[in-house]
Amino acid sequence: MTRRVPHIVYLESVTGYSDAENMRRLQLLRSSLRPGFTIELLTTPGGPAILERPQDFEQAGRAASAAVAEIRPSRCRAIISAGAVDPGLAALRAIAAVPVVGPGEASLFLARLLAKRLVILTVEPAVPAAREVIAHVPARPETVIVHTLNTTMREHRADAIYLGSMTQGSLGIADDLRAQLGIPVLNPMPVSVYAAQEAAAAFGTG
């Protein structure tokens, strides 16, 4: 019997990134893979060029849903929804044939082990989605606060920080913040890849 290599789809609903930028992000995702896993970056047709307005998030959700509906277990064992604060995650899971990993949800689970007071650092358009994921994930730190990028973390006595945008996670700032602040900093890219690998591995390789 042929044994399949566990494969993951990273579903990117923003269409405005260049091919070079998508390849850069794919290389970052691959750097978090264990031996025996593969990953692809799939850009969804019909998604917004950039996420700036509420309607952009709605458009991204529609594009992601259409793409997820076409992904069968024969293609991959898990999907990562490439939104750091999980916009539309419940809708994707309702139609998906394989597990869908939300970076925000997975990071909140992990943050519960690390901190009592977590700050989600995100961009202004993503604040509503960040607050929604907090409301729907019970396994999280006791206090979770959402702030935008111009916030000084020391002012809010954070025990840990979550980088609440995939772009932040791709820029290599997590190590700088850890060194500067001396607290855990969760990056949505590796956290989601690790979670997706565990979900994919649960099915085995047969």
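Select from region 51-102 the residues that are among the polar types (S, T, N, Q) and assigned to a helix (DSSP H, G or I) and write down the one among them that is surrounded by the fewest Cβ atoms within 10 Å (Cβ to Cβ).
So the residue we want is 55.
Inside region 124-151, residues that are part of a loop (DSSP other than H, G, I, E, B), surrounded by fewer than 19 Cβ atoms within 10 Å (Cβ to Cβ) and either touching a residue at least 60 places away in the same chain (Cβ under 8 Å) or not hydrophobic (A, V, I, L, M, F, W, C) (or both) make up a count of 4.
Among residues belonging to region 155-185 that are closer than 23 Å to residue 128 by Cα and at pLDDT below 90, point out the one that is surrounded by the most Cβ atoms within 10 Å (Cβ to Cβ). Among residues in region 155-185 that are closer than 23 Å to residue 128 by Cα and at pLDDT below 90, the one surrounded by the most Cβ atoms within 10 Å (Cβ to Cβ) is 158. Could you list, in sequence order, all residues of region 69-99 that are in contact with a helix residue (DSSP H, G or I) (Cβ under 7 Å, 6 or more places away or on another chain), without any contact (Cβ under 8 Å) to a residue 60 or more places away in the chain and either over 14 Å from residue 196 (Cβ atoms) or not assigned by TED's automatic domain parsing to the domain that holds residue 25 (or both)? Those that are in contact with a helix residue (DSSP H, G or I) (Cβ under 7 Å, 6 or more places away or on another chain), without any contact (Cβ under 8 Å) to a residue 60 or more places away in the chain and either over 14 Å from residue 196 (Cβ atoms) or not assigned by TED's automatic domain parsing to the domain that holds residue 25 (or both): 69, 87, 88, 91, 95.
Within region 3-24, if we keep just the residues that are buried (at least 20 other Cβ atoms within 10 Å of the Cβ) and not hydroxyl-bearing (Ser, Thr, Tyr), the residue that is farthest from residue 74 (Cα to Cα) turns out to be 14. Here is the figure for region 166-195: residues that are among the hydrophobic types (A, V, I, L, M, F, W, C) and part of a helix (DSSP H, G or I) total 9. With respect to the conditions (1) part of a helix (DSSP H, G or I); (2) modelled with pLDDT of 95 or more; (3) surrounded by 23 or more Cβ atoms within 10 Å (Cβ to Cβ), residue 113 falls short on a single one, namely (3).
The values are calculated or read from the model by the stated rules, or taken from the named source; none is laboratory data. As the structure is a computational prediction, the values presented were derived from the model and not from experiment. No Cβ is skipped: glycine too gets one built from the backbone with ideal geometry, and neighbour counts run over all protein chains shown.
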